[in-house]
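Trainee: First, the structure itself, so that you have it in front of you.
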Amino acid sequence: MNPIKRYKYQVCSFGIILFLFTNHSFGQNPFILDQFTADPSARVFGNRVYVYPSHDIPAVNGRGRVGWFCMEDYHVFSSSNLTEWTDHGVIVSQDKVQWVDSTSYSMWAPDCISRNGKYYFYFPTKAKDSLAYGRGFRIGVAVSDKPYGPFNPQTEPIKNVQGIDPNVFIDKDGHAYLYWSERNIYGARLKENMLELDTEPKILGDLPTKGLKEGPYLFERNGLYYLTYPHVENKTERLEYAIGNNPLGPFKFTGVLMDESSTGCWTNHHSIIQFKNQWYLFYHHNDLSPQFDKNRSVRVDSLFFNKDGTINKVVPTLRGVGLTNATGKVQIDRYSHISQRSSSVDFLDSLDKFKGWKVRLDSADAWVQYNSIDFGKKPLRYVAVKAISETGGILQIRLDSINGPLVAEVKITGGADWKLSKAPVIKFWPGVHNLFIVLKDNRRVEADWVRFE
Ligand code: FUB
């Protein structure tokens, strides 16, 4: 093959590979829809956000402990806009790390950080030799030249660290710190090599003493060090934070940044990053597994600070972050708001939840609102709705308010199957708008998505 042809071939195959790995989730929550993901550690490397989550899989007899967490490997996901995510595949798995008990399925919450052109991936799990390493969790490190691997696991876990949920922070003076939890939250300085402790571990306080604390995540903003962590104050974990003037504290409990999950998901685990001048909270719920909270899904919402440095509580949304392209499938079941009366959301297929959700509008004037759709500049002439309605029904599509400009009136044909119904766009409005879908009469319609063409 001549060099130009080879180049074209490589570009083309890279494109195909990227396409295959791209999960078009359009920034809604949860944002990874083809597998369970939990404990998202988000990092900005270059101009992309990388998310290193745990990878929940259902435990079955012979694989993990039924009814408990079950994880055998880690994937990494990345995005340049927080709306389209690329799954880079498996980066570390329990059967490829020398010291790990590959029957334990305990590859819990990880973290990753970059230093001097290398990427250090920290993961907690159980060792196969409990006499040498103890019975609890140890923390290992795998090293790579790229944020998406391949990662090369060290042959031994980090000495003098026993616990879960590693988190790493590098301060402005270049010192690196490792945090982890084992009922309490611990911290210690790391050596320059990022693989060994430089100081004795210390318990970080002054945090609430009652109830489990785990999942530490430390960041710095305007000279304040924020130690954030999940804590069970009542029944399930909520996210709290404490502020200090030093990476190892002391930290003073300051407040709650996310309340307990309304779904009853017992765990929450998070990370906080600034990307393109906006702060974001990554966390998890059990959206794709409402009956079993050990199969979780990662989410992201915007986070805002008050002038005094305190954090505004983040309220979980389905809509998530970023703009959604009008020409993609707008998943209106991930709504911004929905009418209190005569509307609901359910799974498309109760036996295969990975197929996603649908919105049901039952009687006249029931509506669903989906914010921040980018219509671009080039006129779009049709709107298509994937919907089902036994009787047939009419959906009005309006912009920016429930009585805003009527963009289209879509007649949904009656029948027992899902169909694509199309209608012409009455007037095209360029730019970014909020979309309102309103049921015109009392004939029930269920809709999966809306797309402009
Ligand atoms: O994912 C397993 C464990 O659940 C994590 O290590 C904890 O932080 C909790 O999210």
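The values are calculated or read from the model by the stated rules, or taken from the named source; none is laboratory data. Since this is a predicted model, take the numbers as computed values, not measurements. Every residue, glycine as well, gets a Cβ built from its backbone with ideal geometry; the counts of neighbours run over all protein chains shown.
Trainee: Restricting to the stretch 407-453, count the residues that are over 21 Å from S342 (Cβ atoms), among the polar types (S, T, N, Q) and part of a strand (DSSP E or B).
Mentor: The total comes to 0.
Trainee: Before we move on, is F169 assigned to a strand (DSSP E or B), more than 16 Å from the ligand (Cβ to nearest atom) and in contact (Cβ under 8 Å) with a residue 24 or more places away in the chain? Full working, then the answer.
Mentor: Values: assigned to a strand (DSSP E or B): yes; more than 16 Å from the ligand (Cβ to nearest atom): yes; in contact (Cβ under 8 Å) with a residue 24 or more places away in the chain: yes.
So F169 fits the description; yes.
Trainee: Kindly indicate which of I437, I412 is buried (at least 18 other Cβ atoms within 10 Å of the Cβ), assigned by TED's automatic domain parsing to the domain that holds Q331 and over 33 Å from the mean Cα position of the chain (by Cα). If you could, list the steps in order and put the result at the bottom.
Mentor: Values: I437 fails: over 33 Å from the mean Cα position of the chain (by Cα).
Result: I412 is the single residue among I437, I412 that is buried (at least 18 other Cβ atoms within 10 Å of the Cβ), assigned by TED's automatic domain parsing to the domain that holds Q331 and over 33 Å from the mean Cα position of the chain (by Cα).
Trainee: Quick one: N245 ticks every box in (1) outside the structural domain of W367 (by TED's automatic domain parsing); (2) without any contact (Cβ under 8 Å) to a residue 24 or more places away in the chain; (3) touching a helix residue (DSSP H, G or I) at 6+ places or on another chain (Cβ under 9 Å) except a single one, so which number is it?
Mentor: (3) is the only condition that N245 fails.
Trainee: Could you identify the single residue in S297, S342, S302 that is under 20 Å from the mean Cα position of the chain (by Cα), at pLDDT 95 or above, farther than 17 Å from A38 by Cα and small (G, A, S)?
Mentor: Numbers: S297 fails: farther than 17 Å from A38 by Cα; S342 fails: under 20 Å from the mean Cα position of the chain (by Cα).
Among S297, S342, S302, only S302 is under 20 Å from the mean Cα position of the chain (by Cα), at pLDDT 95 or above, farther than 17 Å from A38 by Cα and small (G, A, S).
Trainee: Please enumerate the residues belonging to the stretch 220-242 that are over 11 Å from Y179 (Cβ atoms), touching a strand residue (DSSP E or B) at 6+ places or on another chain (Cβ under 8 Å) and in contact (Cβ under 8 Å) with a residue 40 or more places away in the chain.
Mentor: Once the filter is applied, which keeps residues that are over 11 Å from Y179 (Cβ atoms), touching a strand residue (DSSP E or B) at 6+ places or on another chain (Cβ under 8 Å) and in contact (Cβ under 8 Å) with a residue 40 or more places away in the chain, the stretch 220-242 yields E220, R221, L224, Y226, P230, L239, Y241.
Trainee: If I filter the stretch 109-126 for residues that are assigned by TED's automatic domain parsing to the domain that holds F31, within 27 Å of the chain's Cα centre (by Cα), in a strand (DSSP E or B) and aliphatic (A, V, I, L, M), do I get at least one hit?
Mentor: Within the stretch 109-126, one or more residues are assigned by TED's automatic domain parsing to the domain that holds F31, within 27 Å of the chain's Cα centre (by Cα), in a strand (DSSP E or B) and aliphatic (A, V, I, L, M).
Trainee: Ok, one more. Looking at the stretch 243-298, which of its residues are in contact with a Phe, Trp or Tyr (Cβ under 8 Å, 6 or more places away or on another chain) and within 12 Å of the ligand (Cβ to nearest atom)?
Mentor: The answer is N268, H269, H270, S271, N286, D293, K294, N295, R296, V298.
Trainee: Now for a different question. Across the stretch 61-80, what is the total count of residues that are in contact (Cβ under 8 Å) with a residue 24 or more places away in the chain and either farther than 30 Å from S372 by Cα or exposed (fewer than 15 other Cβ atoms within 10 Å of the Cβ) (or both)? Walk me through it before giving the result.
Mentor: Within the stretch 61-80, the first condition is being in contact (Cβ under 8 Å) with a residue 24 or more places away in the chain, and the residues that meet it are 63-65, 67-80.
From what is left, the residues that are either farther than 30 Å from S372 by Cα or exposed (fewer than 15 other Cβ atoms within 10 Å of the Cβ) (or both) are 63-65, 67-74, 80.
Summing the residues that are in contact (Cβ under 8 Å) with a residue 24 or more places away in the chain and either farther than 30 Å from S372 by Cα or exposed (fewer than 15 other Cβ atoms within 10 Å of the Cβ) (or both) in the stretch 61-80 gives 12.
Trainee: For T254, indicate whether it is part of a strand (DSSP E or B) and in the same structural domain as W180 (by TED's automatic domain parsing).
Mentor: yes
Trainee: Now, a different point. Here are some residues: R183, R221. Which one is within 14 Å of the ligand (Cβ to nearest atom) and in the same structural domain as H270 (by TED's automatic domain parsing)?
Mentor: Just a single option satisfies the conditions, and that option is R183.
Trainee: Taking G322, is it at pLDDT below 95 and farther than 30 Å from L380 by Cβ?
Mentor: Criteria not met by G322.
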